Structures are given as structure tokens and as C-alpha cells.
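Here's the structure, in C-alpha cells; my notes come after.
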Amino acid sequence: MVKLTATMLLKFMGADRDPVLLGSATDLSSFGFFQRSTVREMLIFVSRTVARKTAIGARQSVQHEEYLAHVYNRDGLVAVVFTDATYPARAGFCVANQVIDDFTAQDGDSWRRNTSDVETGNALLEAALQKYQVCQGLLAIRGVRP
């Protein structure tokens, strides 16, 4: 089954500093209760690592264990979307682009002032995680063929 596991938004602070977490949403229902906090921390760690290594304006997909992290850095606002290998990469980048669009429409440029982790984007990311769990809905919206 095609699976979207997590979406994260981060503020890019340069290649030498850890990004600031602006929001996160995870679907860890396939993990045992005692594993969930560890998996969540791993996803945040990987998000920070790949966000730090993704230049402004760049997109990349990074394999981590059984996950693919689709990363897009738009003007310092970084979206990281974790999927399984069967979720189409193009759809993953569409999700990343959409959450950046929605977040900037909701909060404007206020995220640029954050210097420490916040949960500003959590509700938006939770909604996106549910909405795009099945990628066919997003593909139809964007007019993308798998």
C-alpha cells in the first residue's frame, strides 16, 4: 500500500547550523506503542539533516532505511515528506510544494523570525498528512500522471 508517513516544515539556517522545526505531523500507526517516540525522533533528526544539506531552491529525494524523504527548499522554508518506496516521487514533491504554499498563505513570512522550534504548522501538516495519504487525490488536483 502507498504510504505517506510524515510531513515536516523547517526553517533553513545555512549548511552549518541545524534548521528550526516549524511543524510536524506523523502517522506512526504501523509501529508499536513503545517504538513510536523513537521513530518520531528519528524522522525529526533525518529531517534536520537533509534540510541542512538541501540548498535554497533545490529538491532532492534521500533514501533512509525503507523511507524516501522528498525535500524541497523554497526561499529557506523547507518541506520534508517521508513516504514508502511505492509513493510516487513526483507526488511527494507535489505534497511538499502544497504544504509550503498552504503554510505561507496561512502565516506569511512570520516563520522567518523563529529562532527555536515551534509547532505553528502542526495543524496544517496533520491535515495534509490525512488528505494526501492516498496520492491519487493530490495527483488529480495537480493534473499529474503517475
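The values are calculated or read from the model by the stated rules, or taken from the named source; none is laboratory data. None of these values were measured; they are calculated from a predicted model. Note that we place each Cβ from the backbone using ideal geometry, even for glycine, and neighbour counts take in every protein chain shown. Heads up: the accessible areas ignore ligands, DNA and RNA and are worked out on the full protein's heavy atoms, side chains in. Shrake-Rupley method; radii C 1.70, N 1.55, O 1.52, S 1.80 Å.
Inspect the stretch 59-68 for any residue being farther than 18 Å from residue 134 by Cβ, touching a Lys or Arg at 6+ places or on another chain (Cβ under 7 Å) and of a type outside the set (Lys, Arg) and give the result as yes or no.
no
Identify the residue in the stretch 1-30 that is small (Gly, Ala, Ser) and open to solvent by less than 40 Å² (accessible area, probe 1.4 Å) and, among all such residues, is farthest from the chain's Cα centre (by Cα).
Among residues in the stretch 1-30 that are small (Gly, Ala, Ser) and open to solvent by less than 40 Å² (accessible area, probe 1.4 Å), the one farthest from the chain's Cα centre (by Cα) is 14.
Cβ-Cβ distance below 8 Å, separation of 6 or more or different chains: which pairs start in the stretch 47-66 with a residue that is at negative phi and end on one that is of a type in the set (Lys, Arg)?
52/17; 56/74
Of everything in the stretch 27-84 that's among the basic types (Lys, Arg) and in contact with a helix residue (DSSP H, G or I) (Cβ under 8 Å, 6 or more places away or on another chain), which residue is nearest to residue 112 (Cα to Cα)?
Selected residue: 74.
When the residues of the stretch 31-64 are filtered to those that are among the small types (Gly, Ala, Ser) and over 23 Å from residue 91 (Cα atoms), which remaining residue is least open to solvent (accessible area, probe 1.4 Å)?
Going through the qualifying residues, I end up with 32.
Those residues that are open to solvent by 30 Å² or more (accessible area, probe 1.4 Å) and in a loop (DSSP other than H, G, I, E, B), I need them from the stretch 113-132; list them, please.
Passing the criteria: 114, 115, 116, 117, 118, 119, 120.
Just the residues that are touching a residue at least 60 places away in the same chain (Cβ under 8 Å) and β-branched (Val, Ile, Thr), please, taken from the stretch 89-105.
Answer for the stretch 89-105, where residues must be touching a residue at least 60 places away in the same chain (Cβ under 8 Å) and β-branched (Val, Ile, Thr): 95, 99, 100.
Among the residues of the stretch 71-111, write down those that are touching a Pro at 6+ places or on another chain (Cβ under 8 Å) and β-branched (Val, Ile, Thr). Break it down into steps so the answer makes sense when it comes.
Quick first cut of the stretch 71-111, residues touching a Pro at 6+ places or on another chain (Cβ under 8 Å) only: 78, 88, 90-91.
Hit for the stretch 71-111 is 78, nothing else.
Of the conditions (1) in a strand (DSSP E or B); (2) free of Cβ contacts under 8 Å to residues at least 24 places away in the same chain, residue 24 clears all except one; give me its number.
(2)
Consider residue 70 carefully, then state whether it is more than 17 Å from residue 18 (Cα to Cα) and modelled with pLDDT under 95.
no
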